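Report on one structure; see the data block that follows.
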2 protein chains.
Amino acid sequence: MKNSANLASPRPNVVVIGAGFAGLRVVQGLAKACVNVAIIDRHNYHLFQPLLYQVATTALSPADIAFPIRRIFRSQKNVECVLGDVTQIDLNRSCLTIDNAQEIDFDYLIVATGATHSYFGKEEWLRNAPGLKTIDDALQIRKRILLAFEEAENELDEAAQRAKLTFIIVGGGPTGVELAGALRQIAVKEIQKDYRHVDTSTARIMLVEANDRILKSFHPKLSAHAMRDLEKLGVEIRLNGRVTAIDDQGVKIGDERIDANNVFWAAGVLASPLGKSLGVELDRAGRVIVKPDLSVPGYPNVFIAGDLASVTSSDNNKPVPGVAPAAMQMGEHVAKVIKQEILSKLPVEKRAPFQYRDKGSMATIGKAKAIADIHGWRFTGFIAWLMWSMIHLMFLITFRAKLFVMLNWAYTYIFQTTGARLITGEFKPRIRKFRDVTPN
Amino acid sequence: MKNSANLASPRPNVVVIGAGFAGLRVVQGLAKACVNVAIIDRHNYHLFQPLLYQVATTALSPADIAFPIRRIFRSQKNVECVLGDVTQIDLNRSCLTIDNAQEIDFDYLIVATGATHSYFGKEEWLRNAPGLKTIDDALQIRKRILLAFEEAENELDEAAQRAKLTFIIVGGGPTGVELAGALRQIAVKEIQKDYRHVDTSTARIMLVEANDRILKSFHPKLSAHAMRDLEKLGVEIRLNGRVTAIDDQGVKIGDERIDANNVFWAAGVLASPLGKSLGVELDRAGRVIVKPDLSVPGYPNVFIAGDLASVTSSDNNKPVPGVAPAAMQMGEHVAKVIKQEILSKLPVEKRAPFQYRDKGSMATIGKAKAIADIHGWRFTGFIAWLMWSMIHLMFLITFRAKLFVMLNWAYTYIFQTTGARLITGEFKPRIRKFRDVTPN
């Protein structure tokens, strides 16, 4: 069945794929425009990804960082929310297909489907080294972490127990650093007293980074500071570490074999496969190389926004990084271009190029520590963590989320205990040897 | 491998199966006793089941009502927590098997594994009519509810849309009543403005009860009041309704066929299958018929506590109901019996019989309404709801949960919006016909 859009209509159809930071900003930017907007996502919620690692590490619940898209656009009457998977896009016919079943025409299209993990061609690593991009990923990692401690508690064989208490995090970017810090925090503070036979603070948490420093998007001084803070916390860091194998027993770094039952992937980023399906030029990471106005070459009515776009900022020619603020700014830019075209009939050649305003970047390191780089001002430690906390609370979408996340953090800070230590979904502990559960 | 307990030890091994209300109270009651306690559960958390329907209906998150067992017993040093499934119990050899792999000896055993759903021999109904006993059940029901509205929004066929908006709840006990009320509340208040094409307040919510009144454990006047309140809210109630068929298209009540894509089961209760495996006498609901002291006939060192026990209260000979307060009292009773035996060498014949103190019962009906029966004092409406809220907050185990659940309720009450409207886990919308998402 085909729904034909009424092209004679004065209200153009704008279709946005993806309700991440970029997609949301496009739709919000079109709030007062005389257009029909449809936002399509495979989930019914917008996910605040910067805090996803806190779901994986038992600090927050999914509902604290995920918000129904319908609720966000409840009062914006020109928006339709569609739950579905875009399976095909035909740029020449200006239409797309949802769930292999339904074609929808568009006058403008914005593809904002972001990025996923890249295992650099070793897709078989996925099974033993899950990544952290979705709520389901986070719950999966949470389950693995909690089961690891449960299994270690009852493991009599020392080498096997060691492997269960060894966590390897591949990738020293912000996600890897935050995951490693939070994990170490759990092992040392949250749960140590809950176990009888195993000292959880002996858990080995290793961060493997292929480069010669972690957090390489930050100033080298901040990288060094973060590394010191992490090491003080007890995280082992392997710089220049190349992972050559991953199986269910451990990893190989270079030629060294490390037995580890828990491997998490925070390394490669691969653009959403929808980019490739457009049939236009991509960069090495699979991102669509767009024109300065963010439109796809040859298709001025099709835009890419967010992590899927490969573009340089028009003011300094530097590549725009794949971070949330950049995605938001791209979303706003695209909305503005569309509005100008509709309202002022601005010709395509006169469109403003996208200009990225770098407002700074930050990352947390364990409890109440962070690094921040704001316009060349560098902050570390508790001050940076306060800034980090405040900015993340500010950007959380709903007042409810701000309130509950803040209270959660305050509670965890004061009482040193996280609130969501649940093993949910199906599982099967991997040990079959039990300690005598009632030793005399 | 077999762990032999040291029977010459001065510290007897007490093994508790199940970390529900009964199991928890047994363990807590033995805090100062000179025993080794092991508590075995297939989950790593204690679930506060009375609020589970609020997870299913998007009001609360799992972590608000589930608490790590290890955390609860962190400071009680005579307790071991074991994550596992008890697959066999040998009363004559005083040992049990976990996960078909590990045998554990006990001096005392308390089986407190509660109850599950009974489909009255129609186990095939499970697939189309999930029940509500576990966190995973609740998330499954939440997903089905949210998907139903999503699918209805895009369904063009009127009859099909009607079926998607029809929710049948089988069983008019507290769970059924609370589920129906909360569901109607969502449809009418929470989400109505979020949809563009479907008026969610037209959702048909039908409560089917086999008896001639709902909430039959309450006084008839309260049943009648609850029924009026539910009907005022817009819930349809079918008394004397016998469900004769359930499939993926709907249900048959007597001879009447009702098309409904959403059927939830809150009817039969069947005792945990572990009861049957004991090889002792059971009642019709599969519960173990215990002696007045809650021990299993012939095995004075084995007790049943909670919903799995079939017993009459020693003061009035009335059967003890399968409710949370009864389970807690049974747990306390068993702990006391064991302590007296160990400390004062009280002979088995002199054990005190279990006496149930009925402290009253209550159930909520939609938003800010409830019924309560406290020692013959009957309350309804807002007052009863306040009592219900306060008592449930009181019994939530952690301060954190009390705080967060209270804030959640306050927020939802004031802003009329629930906080956990997420579709998580795998899913596939059941519609393939889309409305034109950008109508002109």
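Some notes on this structure:
- Neighbouring partner chain Cβ atoms per residue of B:38-46, average, 10 Å criterion: 3
- Spatial separation of Cα centroids for the range B:205-244 and the range B:38-92, in angstrom: 32
- The residues of the range A:175-194 listed by number as losing at least 10 Å² of accessible area in the complex, against the isolated chain and with a 1.4 Å probe, are A:E190, A:K193, A:D194.
- Values of log10 I(q)/I(0), in the order q = 0.06 Å⁻¹, for the protein assembly as shown under a Debye, Cα-only, solvent-free model: -0.45
- Close amide H partners of A:A115, meaning residues 5 or more places away or on another chain with modelled amide H under 5 Å apart, are A:S272.
- With θ taken as phi - 60° and the Karplus curve 6.51 cos²θ - 1.76 cosθ + 1.60 applied, the whole-hertz 3J(HN,Hα) list for the range B:74-85 is 3, 8, 8, 6, 8, 10, 10, 9, 10, 8, x, 10 Hz, x standing for glycine and proline.
- Isotropically averaged projected area of the range B:370-425, using the convex hull of Cα atoms (one quarter of hull area), nm²: 5.5
- 5 angstrom amide H check on A:A260, placed H, neighbours 5+ away: A:G250, A:V251
- The stretch between B:D255 and B:A285, if pulled fully straight at 0.36 nm per residue, gains 8.1 nm over its current Cα-Cα span.
- For the pair the range A:163-193 and the range A:14-28, the centres of their Cα atoms are 33 angstrom apart.
- All Cα pairs of the range A:55-139, percent lying beyond 21 Å: 55
- Partner chain coverage, peptide B:57-65 - average Cβ within 10 angstrom: 4
- Scanning chain B for DSSP H helices at least 18 Å long along the axis (C-alpha atoms) with a Kyte-Doolittle mean no lower than -0.5 picks out B:135-153, B:324-344, B:381-395, B:399-415.
- Using a 7 Å projection from Cα along Cα-to-Cβ, the label point at B:A410 is separated from the same position in the remaining copies by 1.1 nm, smallest value first.
- Charge tally around B:V35: other residues with Cβ under 11 Å, Lys/Arg +1 each, Asp/Glu -1 each, net +1.
- Value at 222 nm in deg cm²/dmol, rounded to 500, when DSSP H runs of n ≥ 4 in chain A each add -39,500 (n - 2.57): -9000 deg cm²/dmol
- Under 12 Å, Cβ to Cβ, from A:R421 - net charge with Lys/Arg +1 and Asp/Glu -1: +3
- Assuming charge only on the beta carbon of Lys and Arg (+1) and of Asp and Glu (-1), the dipole of the protein assembly as shown about its Cα centre is about 1940 debye to the nearest 20.
- The residue among A:V14, B:A363, B:H117 whose Cα reaches farthest toward the positive pole of the charge dipole of the protein assembly as shown, with charges on the beta-carbon of Lys, Arg, Asp and Glu, is B:A363.
- Ordered by solvent-accessible area of protein heavy atoms (1.4 Å probe), largest first, the residues B:E80, A:E341, A:E332 come out as A:E332, A:E341, B:E80.
- From the Kirkwood radius over Cα pairs of the range A:180-259, Stokes-Einstein at 10 °C and 1.306 mPa s returns a whole-number translational diffusion coefficient of 113 µm²/s.
- Accessible area of the range B:135-278 belonging to carbon and sulfur atoms, whole % at 1.4 Å probe: 48
- Mean projected area of the convex hull spanned by the Cα atoms of the range A:344-391, taken over all viewing directions: 5.2 nm².
- Per residue of B:101-108, other chain Cβ atoms within 10 Å of the residue Cβ number 3 on average.
- Residues whose amide H comes within less than 5 Å of that of B:H46, counting only those at least five positions distant or on another chain, are B:F67, B:I69 (H built at 1.01 Å from N in the peptide plane).
- Magnitude of the charge dipole for the range A:165-267, about its Cα centre and with charges confined to Cβ atoms of Lys, Arg (+1) and Asp, Glu (-1), is about 320 debye.
- Solvent exposure of chain B amounts to 41 Å² per residue of accessible area, where only protein heavy atoms count and the probe is 1.4 Å.
- The interface between chain B and chain A buries about 6900 Å² of solvent-accessible area in total (1.4 Å probe, ligands and nucleic acids excluded).
- Whole-Hz couplings from phi, Karplus 6.51/-1.76/1.60, listed for the range B:45-56; x for Gly and Pro: 9, 8, 9, 8, 4, x, 9, 4, 4, 6, 6, 5
- Distances between copies at B:R228, taken between label points 7 Å from Cα along the C-beta direction, are 7.4 nm in increasing order.
- For the range A:224-335, the spread of Cα coordinates along the three principal axes comes to 52, 33, 20 Å, biggest extent given first.
- Charge sum, other residues only, whose C-beta stays under 11 Å from A:A19's C-beta, Lys/Arg counted +1 and Asp/Glu -1: +2
- Distances between copies at B:T244, taken between label points 7 Å from Cα along the C-beta direction, are 7.2 nm in increasing order.
- By the Kirkwood approach, averaging reciprocal distances over each pair of separate Cα atoms, the range B:319-434 gets a hydrodynamic radius of 18.3 Å.
- Each peptide in B:311-322, B:219-230 gets a packing score, the mean of other Cβ atoms within 10 Å over its residues, and the list from highest to lowest is B:219-230, B:311-322.
- Using heavy atoms of the protein chains and a probe of 1.4 Å, the accessible area assigned to A:I342 is about 40 Å².
- Computed over chain A, the P(r) curve from all C-alpha pair distances, binned at 20 Å from the origin, holds 24, 53, 21, 2, 0 percent per bin.
- Here the Karplus curve 6.51 cos²θ - 1.76 cosθ + 1.60, taken at θ = phi - 60°, turns the phi angles of the range A:255-267 into couplings of 9, 8, 8, 10, 6, 7, 8, 10, 10, 10, 9, 9, 9 Hz, with x standing for Gly and Pro.
- Each of B:G172, B:S272, B:L282 was scored by the projection of its Cα onto the charge dipole of the range B:147-290, and the greatest displacement toward the positive side belongs to B:L282; charges sit on the C-beta of Lys, Arg, Asp and Glu.
- Only protein heavy atoms count here; on that basis, with a 1.4 Å probe, B:R400 has an accessible area of about 30 Å².
The values are calculated or read from the model by the stated rules, or taken from the named source; none is laboratory data. The structure presented is a predicted model; accordingly, all values stated were derived computationally and were not measured. We place every Cβ from the backbone using ideal geometry, glycine too, and count neighbours over all the protein chains shown. Surface accessibility is based on the protein's heavy atoms, side chains included, excluding ligands, DNA and RNA. Shrake-Rupley method; radii C 1.70, N 1.55, O 1.52, S 1.80 Å.
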